[in-house]
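I have placed the structure first, in the form of structure tokens, so that the comments after it can refer back to it.
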Amino acid sequence: MRKTTCLHQLLTAATLAALSLIAVSARADPGDIYETNLGMVLRMLPVGGITPVTFAQGLSNPKGLVFDGIGRLYVADASAGTIMLFTLPDGTAGTFTTGLSSPVGLAFDALGILYVGESGTGNITQFAQNGTKTTFATGVGQPAGLAFDTSRNLFVADFAGGIIYQITPAGTKTTFATGLGAPAGLAFDSTGNLFEADSSTGSIFKFAPNGTKTTFATALSRPFGLAFEASGNLVVSDNGNGSTFSFTPAGVRTTVFNSDFNTPQFVAIEPATHQLLNMSTRGFIEGGDHILIAGFIIGGSGPIGTTIVVRALGPSLAAAGVVDPLADPLLGIRDSNGTLIAFNDNWQDAPIAQRAGGTLAPTDPRESALQLVLQGGAYTAIVTSANGMPGTALVEVYNLQ
């Protein structure tokens, strides 16, 4: 099929009678597959062989969709120029933003910023967590799929230009790949390989982190959407033959759903919601290897993590009867690889975005605290003495969501 025809299929409104926007089926479980289709969002089980249910209906021309990892689904309605927001599990529908120009691709970065590919303007628009809208990048053709790597580089599929662009967090744009056939969906696997739905050739291409291109799957009709399951399987919505497929990492294909009347667009997998229970531990710090270490784990797999506060208390413990409180605690947070991701001495000196507030702000300025948004994984809070003097310290981790 010629590229112009594919472009028509991707961007024009579906011929469906307008319905009032409503969430029809609100039951939701991690691992369920959500797919835009005509004026609807369908939900299906990953095991396949079961007819999908209608999660929401009444949209004009829904395209990209993305979960934020804290119980909300965002859907780009290209013809209406809006992004709709659905809360889970009740399925309450609302409008996140309006006035966009044919929004298609959606993606969240690790900081919780939503990025939108506006195919009508060739711009990438970003929305901060407080809803502030800014233009992140321009001149990317007709952006379709968006995907972030672990370094917060944004990859953009230019559907009309056959190009994948790479844009750094600072907004520097370079060309990652060219010569593609109407690239639509993009998705990264757990090892950093980028997968691209090449809709006009019916192929799925795989790009290694260094840009090396290989063919992962062929014999598709018009693949649009891509999304990875937690198991590592790749889910593909094939618009041309009305199918939703699942591919193992080895490329073995199974059919999740197929219908002659089906017109799948883009897909997203419902992630497990991030969760952390409050915890605390107390210990004596002498210096050297005699430090206070508290490990904690955040569950979940969504693009937006959960907001936590980590505190390292010392001087204020005297009021609780501790006779040898640590005079000046120093706090560091490391990830599962041992990489230092945040650091604080006196809590009021923390960056504004990481400064604890309200009732969780320490009462003594010498104590340490950090407010962070962390994704699923294992972390370690390490408390040491800033001035080398020994003493008893308390480390606490609070979940704010």
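Within the stretch 189-230, can you find the residues that are closer than 23 Å to Phe148 by Cβ, of a type in the set (Ser, Thr, Tyr) and touching a residue at least 40 places away in the same chain (Cβ under 8 Å)?
Once the filter is applied, which keeps residues that are closer than 23 Å to Phe148 by Cβ, of a type in the set (Ser, Thr, Tyr) and touching a residue at least 40 places away in the same chain (Cβ under 8 Å), the stretch 189-230 yields Ser190, Ser199.
For the subset of the stretch 304-324 comprising residues that are over 19 Å from Asn278 (Cα atoms) and surrounded by fewer than 20 Cβ atoms within 10 Å (Cβ to Cβ), which member is modelled with the lowest pLDDT?
Selected residue: Ala320.
Out of (1) of a type in the set (A, V, I, L, M, F, W, C); (2) out of contact with any Phe, Trp or Tyr (no Cβ under 8 Å at 6 or more places or on another chain); (3) crowded, with 22+ Cβ neighbours inside 10 Å, what's the single condition that is false for Leu88?
(3)
What number of residues in the stretch 131-141 are in a loop (DSSP other than H, G, I, E, B) and at pLDDT 95 or above? If you could, list the steps in order and put the result at the bottom.
So the first thing to find is which residues in the stretch 131-141 are in a loop (DSSP other than H, G, I, E, B), and the list is 131-132, 138-141.
The next check asks that each one be at pLDDT 95 or above; those that pass are 138-141.
Final tally of qualifying residues: 4.
Just for the stretch 325-347: of the residues that are surrounded by fewer than 15 Cβ atoms within 10 Å (Cβ to Cβ) and more than 17 Å from Gly376 (Cβ to Cβ), which one is modelled with the highest pLDDT? Break it down stepwise before answering.
From the stretch 325-347, those surrounded by fewer than 15 Cβ atoms within 10 Å (Cβ to Cβ) are 336-341; that's our starting set.
With more than 17 Å from Gly376 (Cβ to Cβ) added as a condition, the list becomes 338, 340.
Details: Gly338: 93, Leu340: 96.
Of everything passing the filter in the stretch 325-347, Leu340 is modelled with the highest pLDDT.
Name the residue that is surrounded by the fewest Cβ atoms within 10 Å (Cβ to Cβ), counting only residues in the stretch 245-287 that are outside any strand (DSSP E or B) and charged (D, E, K, R). Spell out the reasoning first.
First, the residues of the stretch 245-287 that are outside any strand (DSSP E or B): 248-252, 259-263, 270-274, 276-278, 286.
Then drop every residue that is not charged (D, E, K, R), which leaves 260, 270, 286.
Numbers: Asp260: 6, Glu270: 21, Glu286: 13.
Checking each candidate, the answer is Asp260.
Checking the condition in contact (Cβ under 8 Å) with a residue 60 or more places away in the chain and more than 30 Å from Leu106 (Cβ to Cβ), which residue from Gly305, Gly314 passes?
Going through Gly305, Gly314 in turn, the sole match is Gly314.
In the stretch 330-380, what residues are among the small types (Gly, Ala, Ser) and closer than 16 Å to Tyr398 by Cβ? Please lay out each step first, then the result.
Going residue by residue through the stretch 330-380, those that are among the small types (Gly, Ala, Ser) are 332, 336, 338, 342, 350, 353, 356-358, 361, 368-369, 376-378.
Listed by number, the residues that qualify are Ala342, Ala350, Ala356, Gly357, Gly358, Ala361, Ser368, Ala369.
Does Ala107 satisfy the criteria of being of a type outside the set (Val, Ile, Thr) and modelled with pLDDT of 95 or more?
Details: of a type outside the set (Val, Ile, Thr): yes; modelled with pLDDT of 95 or more: yes.
Criteria met by Ala107.
Specify which of the listed residues (Ala170, Ala160, Ala184, Ala144) is touching a helix residue (DSSP H, G or I) at 6+ places or on another chain (Cβ under 7 Å) and either in a loop (DSSP other than H, G, I, E, B) or surrounded by fewer than 19 Cβ atoms within 10 Å (Cβ to Cβ) (or both). I'd like the intermediate steps shown before the answer.
Values: Ala170 fails: touching a helix residue (DSSP H, G or I) at 6+ places or on another chain (Cβ under 7 Å); Ala184 fails: either in a loop (DSSP other than H, G, I, E, B) or surrounded by fewer than 19 Cβ atoms within 10 Å (Cβ to Cβ) (or both); Ala144 fails: either in a loop (DSSP other than H, G, I, E, B) or surrounded by fewer than 19 Cβ atoms within 10 Å (Cβ to Cβ) (or both).
Result of the check over Ala170, Ala160, Ala184, Ala144: Ala160.
The values are calculated or read from the model by the stated rules, or taken from the named source; none is laboratory data. These numbers come from a predicted model, not from an experiment. So basically every Cβ, Gly included, is an ideal-geometry build from the backbone, and we count neighbours across all protein chains shown.
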